[in-house]
Amino acid sequence: MLQFYKKKMDKIKGILFDLDGVLVENKLNFRKISREIFEEERLPLLENIFRIKNPLNKKRAYAILEKHETGAATTCRLKEGVPQLFQLLNQHGIKKGIVTRNSRKSVDIIIKRFGLTFDAIVTREDAPPKPARDPIILACKKMELSTNEIVFLGDYEFDMIAGRKANVFTVLLKSHSQPYSQYADLVVESIADFTHYVKDLLKIS
């Protein structure tokens, strides 16, 4: 079921995806990672790592995070419906991009494992992470598309905030932990649900 909350979109030339929870399912436990780094829970993780003043401690923290991310990248599963969605996008010349708070190393592992191709990939090494709008704006530039030609699909509040700040049409992939966002333009139940929405935009039956 599609739930519109804000604006509607008339055309589409590109889709940006968050990675974890949207394209893949993995077992990353950020609370566990936080306890390994800080000996207590300090979330959100990237923001707390950024605040570490000692360079050696900060380097250690990023190394621990990347260790967990790359481990998850080697065991994650592609979400149901993603291959069918990507086939549709490829057939109709819709550009694809990733905007993630993950490392580039973990992203590369995932796209190689599943044989995925993208027109733009923006990780935390490339721009300030979501909820900043910067990575979305950068991805749009890489795809050579304007923000009003882009749909952004995410599953977390930081995705929704970043999408709203960047003025792209922002879609929440609903989950138990994130069933609603005031910043979403649309909420979908599944990748299949989102695919139906894309078909409607492309006027495909």
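Of all residues in the stretch 77-108, count the ones that are part of a helix (DSSP H, G or I) and over 16 Å from the mean Cα position of the chain (by Cα).
Counting residues in the stretch 77-108 that are part of a helix (DSSP H, G or I) and over 16 Å from the mean Cα position of the chain (by Cα) gives 7.
Any idea how many residues of the stretch 38-70 are assigned to a helix (DSSP H, G or I), surrounded by 15 or more Cβ atoms within 10 Å (Cβ to Cβ), in contact with a Lys or Arg (Cβ under 9 Å, 6 or more places away or on another chain) and not charged (D, E, K, R)?
6
Inside the stretch 92-110, can you point out the residues that are among the charged types (D, E, K, R) and more than 12 Å from Val151 (Cα to Cα)? Lay out the reasoning, then the answer.
Our first condition is that a residue be among the charged types (D, E, K, R); within the stretch 92-110, this holds for 95-96, 101, 104-105, 108.
Residues satisfying the conditions are Arg101, Arg104, Lys105, Asp108.
Return yes or no: is Ser175 hydroxyl-bearing (Ser, Thr, Tyr), more than 22 Å from Asn90 (Cα to Cα) and surrounded by fewer than 21 Cβ atoms within 10 Å (Cβ to Cβ)?
Working: hydroxyl-bearing (Ser, Thr, Tyr): yes; more than 22 Å from Asn90 (Cα to Cα): yes; surrounded by fewer than 21 Cβ atoms within 10 Å (Cβ to Cβ): yes.
Against the criterion (hydroxyl-bearing (Ser, Thr, Tyr), more than 22 Å from Asn90 (Cα to Cα) and surrounded by fewer than 21 Cβ atoms within 10 Å (Cβ to Cβ)), Ser175 qualifies.
Within the stretch 108-117, which residues are of a type in the set (Val, Ile, Thr), surrounded by fewer than 21 Cβ atoms within 10 Å (Cβ to Cβ) and under 20 Å from Gly81 (Cβ atoms)?
Of all residues in the stretch 108-117, those of a type in the set (Val, Ile, Thr) come to 109-111, 117.
In the following step, the residues that additionally are surrounded by fewer than 21 Cβ atoms within 10 Å (Cβ to Cβ) were identified as 109, 111, 117.
Once the filter is applied, which keeps residues that are of a type in the set (Val, Ile, Thr), surrounded by fewer than 21 Cβ atoms within 10 Å (Cβ to Cβ) and under 20 Å from Gly81 (Cβ atoms), the stretch 108-117 yields Ile111, Thr117.
In this structure, is Ala120 crowded, with 18+ Cβ neighbours inside 10 Å and either within 18 Å of Asp155 (Cα to Cα) or in contact (Cβ under 8 Å) with a residue 40 or more places away in the chain (or both)?
Taking the combined requirement at face value, the residue satisfies it.
Given the condition in a loop (DSSP other than H, G, I, E, B), assigned by TED's automatic domain parsing to the domain that holds Lys112, touching an Asp or Glu at 6+ places or on another chain (Cβ under 9 Å) and modelled with pLDDT under 95, answer yes or no: does some residue in the stretch 13-24 qualify?
no
Need pairs with beta-carbon distance below 8 Å; first residue not assigned by TED's automatic domain parsing to the domain that holds Pro128 and within the stretch 42-57, second of a type in the set (Gly, Ala, Ser); sequence gap 6+ or separate chains.
Arg42/Ser34; Leu43/Ser34; Leu45/Ser34; Asn48/Ser34; Ile49/Ala61; Ile52/Ala61
Would you point out which residue out of Pro135, Pro131, Pro83 is in the same structural domain as Ala162 (by TED's automatic domain parsing), surrounded by fewer than 18 Cβ atoms within 10 Å (Cβ to Cβ) and either without any contact (Cβ under 8 Å) to a residue 60 or more places away in the chain or over 27 Å from Ile49 (Cβ atoms) (or both)?
Pro83
The values are calculated or read from the model by the stated rules, or taken from the named source; none is laboratory data. A quick note: this is a predicted structure, and the numbers were derived from the prediction, not measured. As a convention, Cβ positions derive from the backbone with ideal geometry for all residues, glycine included, and neighbour counts pool all protein chains shown.
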